[in-house]
Amino acid sequence: MKEQSKKTVFWLVLAAGLVLLALVLRFAAHIYTPAYVIGIAGVCVGGVALWKIRKNWVAVSGALAAAALVLRFAVRGYAWWGYALLFVAALVVLHRFLPAALWKVVVALVCVGLAYFCFVESFIIRSARTDPEPQRDYLIVLGAAVYGDQPSLTLIRRMEGAMDYLERYPDSVAIVSGGMGPGETVTEGQAMYEWMVAHGVDPARLIVEDKATSTEENLKNSFAIIRARGDEPQGKVAIVSSAYHLYRAKLFARKLGVTDAAGVAAPWGYFFVMLNYFIREAFGVTHFWVFGN
């Protein structure tokens, strides 16, 4: 038993060391991808070690909460995995303290919540692809984060999808849409324009919209640009965005009166990062269904 305890402690210490190394690489050395890989490896090693001591609810819930904080604050693109782990940690604590009858109520509510989550995701996943026959006169490229003046990976993927579209449909023009958010030194629209021109796109095929701060404003402002050019967006608009975001983007387009916007799915990024955003999107869609925005 003592030998087994020593092994468990060793693996927990190793996991903590990996997570600490990931934090140092991420924040001190600004080395991102290796930090993410090492951090996830540390969480996995810690999870295996905790499985050995799963009867110790304090250790399990504490480790899950610690991993959640790492994913939320130290690793970019995994925040909703962190929220999920924090939720599981809360369930571990509730299982320890709640009377049996109340625990059954919690289990029932969790099952209902999971069923609803799957229901929402069915709409998101069904729209997470490029529509058949997406050719339109205008392609609206929805903005995403810019770090300083450098496009995020999400934004680069959206621009790659836009470039593929423009190459396939040479008569189309793109409206690159996005204002300036926190931590950005240029607008998202301008960052997209400069990046795409630098990668060979004819500037004459790009229109910059640089005021929008939300998906609804991206589309509203872009539709206004189209009307100012003497056209109507109905029947003439395609939207390129991340696959998980297309369903909600189309909801906003329909809210603004454009019922036939075509969806164009940008190439996927890292698999688990994309799953993180699929999880987040369920809450965004729910907010739209309830509040209309």
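The values are calculated or read from the model by the stated rules, or taken from the named source; none is laboratory data. Not measured: the values here are computed from a predicted model. All Cβ positions, glycine included, derive from the backbone under ideal geometry; neighbour counts span all protein chains shown.
Structure data summary
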read-out: Scan of region 261-293 for residues that are loosely packed, with under 15 Cβ neighbours inside 10 Å and touching a His at 6+ places or on another chain (Cβ under 8 Å), ordered by number; value: Asn293
read-out: Condition met for Ala115 (under 23 Å from Leu69 (Cβ atoms) and either outside the structural domain of Thr259 (by TED's automatic domain parsing) or surrounded by fewer than 18 Cβ atoms within 10 Å (Cβ to Cβ) (or both)); value: no
read-out: Tally, over region 232-260, of residues that are under 17 Å from Val173 (Cβ atoms), touching a Phe, Trp or Tyr at 6+ places or on another chain (Cβ under 8 Å) and surrounded by 23 or more Cβ atoms within 10 Å (Cβ to Cβ); value: 4
read-out: Extreme residue, nearest to Arg136 (Cα to Cα), among residues of region 174-200 that are in contact with a helix residue (DSSP H, G or I) (Cβ under 6 Å, 6 or more places away or on another chain) and in a strand (DSSP E or B); value: Ala174
read-out: Region 201-231, residues that are assigned to a loop (DSSP other than H, G, I, E, B) and within 23 Å of Leu246 (Cβ to Cβ); value: Val201, Asp210, Lys211, Ala212, Thr213, Ser214, Asp231
read-out: Conditions (1) modelled with pLDDT of 70 or more; (2) under 20 Å from Tyr147 (Cβ atoms): number failed by Leu14; value: (2)
read-out: Cβ-Cβ under 7 Å pairs, at least 6 apart or on other chains, region 213-224 side assigned by TED's automatic domain parsing to the domain that holds Ala253, far side surrounded by 17 or more Cβ atoms within 10 Å (Cβ to Cβ) and hydroxyl-bearing (Ser, Thr, Tyr); value: Asn218/Ser177; Asn221/Ser177; Ser222/Ser177
read-out: Count - residues of region 129-147 that are under 19 Å from the mean Cα position of the chain (by Cα) and surrounded by fewer than 21 Cβ atoms within 10 Å (Cβ to Cβ); value: 4
read-out: Count of region 246-293 residues which are touching a strand residue (DSSP E or B) at 6+ places or on another chain (Cβ under 7 Å) and either more than 14 Å from Val141 (Cα to Cα) or not charged (D, E, K, R) (or both); value: 9
read-out: Any hit, region 232-244, residues being touching a residue at least 60 places away in the same chain (Cβ under 8 Å), in contact with an Asp or Glu (Cβ under 6 Å, 6 or more places away or on another chain) and in a helix (DSSP H, G or I); value: yes
read-out: Residues (among the aliphatic types (A, V, I, L, M) and at pLDDT 95 or above) located in region 240-257; value: Val240, Leu246, Ala249, Leu251, Ala253, Leu256
